[in-house]
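This report refers to the structure that appears directly beneath it.
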Amino acid sequence: MRIRPTIGALISLLLVGALVGLFSFELPYSGLIVSSERPLIFAHRGFGNHAPDNSLAGARLAIRAGMDGVDVDGQLTRDSDIVIFHDVSLERFTRGTGRVDARTLDELKNYDLAEKFGHGFTDVPIASFDDFVATVTPGALLMVELKVPGFADTGIERRAIEVIAAHDAFDRVYLSSFNPVVLRRLKRLEPRMRTVFIFMDTGWDPKRVAETRVEDRVALPWFLRNDVTRKAIRNLVRPDALSIHHAVDADTIDALLQKGYPVFLWPVNDAGQIARALKKRPYGLVSDEPVLARSLRDQSGD
């Protein structure tokens, strides 16, 4: 007797096949970014080793020093705007206390990033995402990591797109995130948005974790530390670039470069790390020592 497959069985087989493909095969790159002639150098944390962390003062210095771009961190304020600040709470970089998302943007601008940094800096207020787009994009590229810990729609993606549209800067701003839902939401809201998927193989730096308040610590989920699941995420989200920790498995990095992905390697800070990264010919390097990275790139002839 011949058994005829039911529609349900056929659908199940198709779903299984789709899942196998999703986790097994890396789709070729099809994003918005055209490969650069030489690796771009981005100042990590807005020139954070040489100026107050994530500050406009640092970004301006990075641009004057000839950096191709500035990399900073953005998060939502209590009044649903976007502020440029790294930590969830204020204590490490300012004399304030409490969570960033418990303050309005105007309140946050009253905190001085120079007070704890010193080294000749005075009166360096926390700045908004809008401030950074207006200041950085005329002279350099801007990459902003959107910090969103969960999958709920907070509105940060919509606000970011509004700001970028107001400055007509879609080709000058990259929005990055560890959170793939954020990247997917950005593309659905605005196909012109340049998105960057950040990942690493390990958890957070133990030193940085120790400096973070216990109640603010968030573990990096296992599926973002495993390249089988990250492959499925890349196939679903289709980011325009990848920001990969330099300690990720070298074969993984090489395979993604061969697929045509524009790859940023971070944080490459000493001469050895920078030289090894440059040999891979990535799209860009994100460094806490961008002047050194730029010098080594230029010496190498790239």
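Nothing in this text is a laboratory measurement; each read-out follows from the coordinates by a stated rule. Computed from a prediction, not measured in an experiment: that's the story for all the values here. Note that each Cβ is placed from the backbone with ideal geometry, even for glycine, and that neighbours are counted across all protein chains shown.
Take Ser243 and decide whether it is out of contact with any Lys or Arg (no Cβ under 8 Å at 6 or more places or on another chain) and either assigned to a loop (DSSP other than H, G, I, E, B) or crowded, with 21+ Cβ neighbours inside 10 Å (or both).
Details: out of contact with any Lys or Arg (no Cβ under 8 Å at 6 or more places or on another chain): yes; either assigned to a loop (DSSP other than H, G, I, E, B) or crowded, with 21+ Cβ neighbours inside 10 Å (or both): yes.
When the stated conditions are applied, Ser243 passes them.
Please tell me if Leu278 is part of a helix (DSSP H, G or I), without any contact (Cβ under 8 Å) to a residue 40 or more places away in the chain and over 24 Å from Phe170 (Cβ atoms).
Numbers: part of a helix (DSSP H, G or I): yes; without any contact (Cβ under 8 Å) to a residue 40 or more places away in the chain: no; over 24 Å from Phe170 (Cβ atoms): yes.
Criteria not met by Leu278.
Anything in the range 118-130 that is crowded, with 16+ Cβ neighbours inside 10 Å and over 18 Å from Asp73 (Cα atoms)? List them, or say none. Talk me through it step by step, then tell me what you get.
Of all residues in the range 118-130, those crowded, with 16+ Cβ neighbours inside 10 Å come to 121, 124-130.
Correct list: Phe121 only.
In the range 61-100, what residues are of a type in the set (Asp, Glu) and either in contact (Cβ under 8 Å) with a residue 60 or more places away in the chain or in contact with a strand residue (DSSP E or B) (Cβ under 6 Å, 6 or more places away or on another chain) (or both)?
Of the range 61-100, the ones of a type in the set (Asp, Glu) are 68, 71, 73, 79, 81, 87, 91.
Of everything in the range 61-100, those that are of a type in the set (Asp, Glu) and either in contact (Cβ under 8 Å) with a residue 60 or more places away in the chain or in contact with a strand residue (DSSP E or B) (Cβ under 6 Å, 6 or more places away or on another chain) (or both) turn out to be Asp68, Asp71, Asp73, Asp81, Asp87, Glu91.
All but one of (1) in contact (Cβ under 8 Å) with a residue 60 or more places away in the chain; (2) surrounded by 15 or more Cβ atoms within 10 Å (Cβ to Cβ) hold for Val228, so report the exception by its number.
(2)
Counting only residues that are touching a residue at least 40 places away in the same chain (Cβ under 8 Å), of a type in the set (A, V, I, L, M) and assigned to a helix (DSSP H, G or I), how many does the range 161-182 have?
Result for the range 161-182: 1.
For Phe42, indicate whether it is surrounded by 17 or more Cβ atoms within 10 Å (Cβ to Cβ), of a type in the set (Phe, Trp, Tyr) and in a loop (DSSP other than H, G, I, E, B).
Details: surrounded by 17 or more Cβ atoms within 10 Å (Cβ to Cβ): yes; of a type in the set (Phe, Trp, Tyr): yes; in a loop (DSSP other than H, G, I, E, B): no.
No.
Would you call Lys207 in a helix (DSSP H, G or I) and closer than 20 Å to Asn49 by Cα?
On the way: in a helix (DSSP H, G or I): yes; closer than 20 Å to Asn49 by Cα: yes.
Considered against the rule, which asks whether it is in a helix (DSSP H, G or I) and closer than 20 Å to Asn49 by Cα, Lys207 comes out as yes.
Looking at the range 149-158, can you tell me whether even one residue there is crowded, with 16+ Cβ neighbours inside 10 Å and in a helix (DSSP H, G or I)?
So in the range 149-158, the residues crowded, with 16+ Cβ neighbours inside 10 Å come out as 154, 156-157.
Now drop any that are not in a helix (DSSP H, G or I), which leaves 156-157.
Yes, the range 149-158 contains at least one residue that is crowded, with 16+ Cβ neighbours inside 10 Å and in a helix (DSSP H, G or I).
Across the range 253-279, what is the total count of residues that are buried (at least 16 other Cβ atoms within 10 Å of the Cβ), out of contact with any Leu (no Cβ under 6 Å at 6 or more places or on another chain) and not hydrophobic (A, V, I, L, M, F, W, C)?
The total comes to 4.
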